[in-house]
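Enquirer: First the structure, which I've put down as structure tokens, then a few questions once you've had a look.
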């Protein structure tokens, strides 16, 4: 895949570039802010943009605003947002789009899984960091999430991360048929219609999550 890295911390930017290059991918550009991003996208036609949430000049939400602009103008380009801290508000909005992921920066240390997630996003899938998912799925009083068993909530967390039934079965050391049954129960309990692929499942889950009170 062809990758653009937008990260103001030089060491992390160079580290990400080396990580992708060592994984056999082509890093077409690395920049410290998003001011020239549109020009880069038009010129270099990347498959994936990796972008930090907080960048100059205000170090607030420049990255998520840039990510939204990328998905608005170039919906076929995958976008992977990296964040130092859990910030769920923008994550829920953007992860409902094909080819979007939101990970905490420490996930970069899990190189194999990080690159696999990046490839999934490039291929049109979605991904949410497990810590973000855990916060989103904390059942509020009276929430339909409270109807789920501990195992069903665990399955839902992995669904929201973008994993297929096969990947969930491997992660939890369960049979695929058992996972399929749990997924059916989760969708029924949350009144979410079953969907045909992994991304639509994530969209369905997040559609429900939007009904849960807002997080910071």
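Enquirer: Take each of the peptides 39-47, 181-189, average the number of other beta-carbon atoms within 10 Å over its residues, and list them starting from the highest.
Expert: 181-189, 39-47
Enquirer: In whole percent, what relative contact order does the stretch 1-146 give with Cα contacts below 8 Å and a gap of six or more residues?
Expert: Once normalised by length, the contact order is 19 percent.
Enquirer: Which shape class, rounded, prolate or oblate, goes with the stretch 2-129 when its Cα gyration tensor gives a ≥ b ≥ c as root eigenvalues, a/c under 1.5 marks rounded, and past that a/b bigger than b/c marks prolate?
Expert: Because its axes are fairly even, with a/c under 1.5, the stretch 2-129 counts as rounded.
Enquirer: By its C-alpha gyration tensor, with a ≥ b ≥ c as the square roots of the eigenvalues, how is the stretch 1-59 shaped: rounded for a/c under 1.5, else prolate for a/b larger than b/c, else oblate?
Expert: Taking the square roots of the gyration eigenvalues as a ≥ b ≥ c, the stretch 1-59 is oblate.
Read-outs throughout are calculated quantities, based only on the coordinates presented, and are distinct from any laboratory measurement. These numbers were taken from a predicted model, which means no experiment stands behind them. As a convention, Cβ positions derive from the backbone with ideal geometry for all residues, glycine included, and neighbour counts pool all protein chains shown.
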